[in-house]
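The values are calculated or read from the model by the stated rules, or taken from the named source; none is laboratory data. If you're wondering where the values come from, they're calculated on a predicted model, not measured in any experiment. As a convention, Cβ positions derive from the backbone with ideal geometry for all residues, glycine included, and neighbour counts pool all protein chains shown.
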Amino acid sequence: MPNFLEAGPFDASDGEGRVLFRDADLRLSEGRATVLEGPSGGGKSTLLRLVAGLHSGGRGAVRRLRDDVYAGASLPLWRSKVTLMAQDAPMIPGTVGDNLELPFRLRHRGDRVFEPHRAEDLLDAVGLGRMRLDRQVITLSGGERHRLALARGLLWDPPVLLADEPLAGLDHETATACFDLLLDFSHRAGHTALVVLHHMELAVKTDGVIRLDRGRLDVS
Amino acid sequence: MSGGVISLGPVQLILAALLVVMAGAVSVAFRLGIGNRLAVAAVRTVVQLGLLGLVLERVFALDSPALVVVLVVIMTLFAAREAVARTGREYRGIRIDSWLVMAGTCLVVGGVVTQAVIGVRPWYDPQYVIPLFGMILGNSLNGISLSLDRFLDHLSSRRAEVELHLAFGASRREALAAPLQSAVRTGMIPIINAMAAAGIVSLPGMMTGQILAGSPPLQAVAYQIVVMFMIAAATAIGAMAAAIAAARRLVAPDGALRLDRLRDR
């Protein structure tokens with residue numbers, strides 16, 4: 001199967017200059033949900049950030065989606081298609097609605113418009129059915145923020161979602177329901193997802209696992 | 001008293017120094033720990049202003065355009081250094097940026113005010129050029145300093161928010177809109193306060209000085225308005241340009257944050 005997404009090779013080191021990985025290459029196929037696992041501090045988040053293009057990465061790193069290659073000034077467009085849901089569910093100050101609408105207000109929104117009824121459907125799906133769009137995000141609990149971030153990612157519906165611990169702080173039942181949404185997302189044509197999981201027992205449901213350990217990326 | 005100026009000598013200045021000693025006593029009494037800094041600042045005031053007075057007497061007497069230009073350049077260098085001396089964070093190149101911003105602001109705002117608004121003749125007349133440029137520099141120093149401090153703080157403490165924008169495809173400009181906005185707003189708070197309170201809460205310093213020196217109040221007011229607008233422009237331009245200059249160093253054109261170039265102090 002041809003690669004849907006290709007990114008790398010990337011080098012990274014941590015704050016103290018210790019090498020996290022060298023020449024890491026990531027390849028993802030279409031229509032699959034892949035889990036990225038490995039010891040904490042091993043560079044999982046760094047790898048996701050590199051793939052998302054939030055770090056420029058080393059010389060010669062290539063980012064390709066289908067047949068389109070992105071670099072330099074086209075990285076914002078890449079990020080709108082290969083979207084990182086960062087750890088700890090960051091939010092902009094303002095309301096739930098402001099946050100859900102954020103991607104649709106940026107330059108690379110394409111022809112997509114924010115549809116409040118879809119937003120409400122997704123809030124419902126992540127178990128935030130009674131959440132009002134005008135609620136201030138500062139009043140949300142950690143678990144609610146994570147679910148809102150997931151709803152935002154799914155609403156934006158990019159070809160590739162890179163989710164860094166999207167289910168942190170959720171109880172098992174909610175985590176399972178939310179994970180199923182991510183699976184549904186990934187299995188559609190023209191989509192794929194790479195997920196760092198907190199609840200590893202959910203990993204059995206995925207289509208593949210990539211392990212990042214001591215600087216090596218192993219696909220299984 | 002027919003508009004004459006009461007001249008101040010050493011005795012009067014020593015009496016005034018007692019006021020600073022009082023301020024120092026407050027610091028000691030409440031253990032604020034700023035006694036030393038206050039003393040150093042007071043000594044600097046005396047030495048720096050004293051030297052300035054001597055230099056100005058000479059410059060006014062010599063009436064040389066080159067000398068005026070040299071003096072303005074030196075003032076710019078000092079202002080640029082002071083502007084970034086107390087920001088909470090710094091990056092490599094912060095001083096060069098600060099100097100370029102200062103020089104640019106000075107040239108534009110100072111040029112317009114001295115040459116077009118007031119129409120100083122000859123163009124370099126030190127009696128006008130030096131104090132006006134001094135005020136521009138002093139105020140854009142404040143603007144740059146506040147704006148940079150805020151901008152650098154926003155980038156590092158609210159990094160996740162900036163990157164959230166980037167993650168959904170924001171351009172560098174879109175991702176930096178909020179931090180730039182709050183930086184320039186912060187930089188402009190002092191001058192907006194000063195303009196809003198002018199004449200009601202406070203008599204602006206320059207106007208006070210002119211009136212003390214015997215100018216007719218309406219003339220002093222006219223000059224003060226020019227000066228206020230001049231300062232507003234200098235602060236706005238300085239605050240904005242400084243934040244943009246920092247953004248260019250700390251954010252790659254593709255939007256990736258280079259906060260590794262930023263360090264606390």
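Would you confirm, using the coordinates I've provided, whether A:Gly43 is at pLDDT below 95 and under 20 Å from A:Gly208 (Cα atoms)? For A:Gly43, the condition - at pLDDT below 95 and under 20 Å from A:Gly208 (Cα atoms) - is met. Does A:Asp184 meet the test of being surrounded by fewer than 19 Cβ atoms within 10 Å (Cβ to Cβ), acidic (Asp, Glu) and without any contact (Cβ under 8 Å) to a residue 60 or more places away in the chain? Against the criterion (surrounded by fewer than 19 Cβ atoms within 10 Å (Cβ to Cβ), acidic (Asp, Glu) and without any contact (Cβ under 8 Å) to a residue 60 or more places away in the chain), A:Asp184 qualifies. Every condition in (1) at pLDDT below 95; (2) surrounded by fewer than 14 Cβ atoms within 10 Å (Cβ to Cβ) holds for A:Gly127 except the one numbered (2). Sort out which residues of segment B:49-72 are surrounded by fewer than 12 Cβ atoms within 10 Å (Cβ to Cβ) and either of a type in the set (Gly, Ala, Ser) or within 16 Å of the chain's Cα centre (by Cα) (or both), and write them in order of number. Answer for segment B:49-72, where residues must be surrounded by fewer than 12 Cβ atoms within 10 Å (Cβ to Cβ) and either of a type in the set (Gly, Ala, Ser) or within 16 Å of the chain's Cα centre (by Cα) (or both): B:Gly50, B:Gly53, B:Ala61, B:Ala66. A:Ile92 meets all of the listed conditions (1) under 22 Å from B:Leu250 (Cβ atoms); (2) crowded, with 19+ Cβ neighbours inside 10 Å; (3) at the interface with chain B (Cβ under 9 Å from one of its Cβ atoms); (4) not basic (Lys, Arg) but one, namely (2).
Test B:Val226 against the stated conditions and say whether it is under 30 Å from A:Met85 (Cα atoms) and in contact (Cβ under 8 Å) with a residue 60 or more places away in the chain. It is false that B:Val226 is under 30 Å from A:Met85 (Cα atoms) and in contact (Cβ under 8 Å) with a residue 60 or more places away in the chain. The residues on offer are B:Val70, B:Val46, and the sole one that is assigned by TED's automatic domain parsing to the domain that holds B:Met135 and part of a helix (DSSP H, G or I) is B:Val70. In segment A:66-89, of all residues being assigned to a strand (DSSP E or B) and closer than 27 Å to A:His146 by Cα, the one that is farthest from the other protein chains (Cβ to nearest Cβ) corresponds to A:Val82.
Just one of the numbered conditions (1) at pLDDT 95 or above; (2) more than 18 Å from B:Thr105 (Cα to Cα) is not true of B:Gly214: (1).
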